[in-house]
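The next block holds one structure in the form of structure tokens; read it before the comments.
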Amino acid sequence: MKAESGKRIERANPKTNIQNPDSKMETSQVVQIGRDLLLTSLVLSLPAIATSLVVGLCISILQTVTSVQEQTLTFAPRIIAVGAVLIVTLPWTIRVAVGFTTRMMEMVVGAGL
């Protein structure tokens with residue numbers, strides 16, 4: 001393909017990196033990124049899930065003891081408790097998320113992508 005100025009225009013190959021075709025990410029780096037992503041998401045979701053589990057268990061025990069079998073009774077306390085835990089753990093959550101993002105950006109810069 002020729003441009004108007006007579007210079008040849010190369011088509012971009014979607015299988016290679018346009019900026020630096022010699023830089024490729026190793027399989028171990030991809031596995032490390034995936035492991036870090038899964039671990040970070042697990043750690044970030046743990047407070048809300050644990051709170052929901054504990055509150056649900058307490059409400060279920062209370063329902064069993066009092067013989068109240070209302071299915072919708074557990075939802076309001078769970079939502080309130082999870083909301084409170086999310087508000088309390090928000091600064092920590094932001095620090096963990098920023099740390100993860102920083103690590104990923106450093107890996108991108110280190111890989112030359």
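Read-outs throughout are calculated quantities, based only on the coordinates presented, and are distinct from any laboratory measurement. Remember, it's a predicted structure, so these values are computed and weren't measured experimentally.
Brief remarks on what is shown
- Net length gained if the chain between A76 and W92 were fully extended (0.36 nm per residue, minus Cα distance): 3.3 nm
- If the chain linking C58 and L46 were pulled fully straight, counting 0.36 nm for each residue of separation and taking away their Cα-Cα distance, it would gain 2.5 nm.
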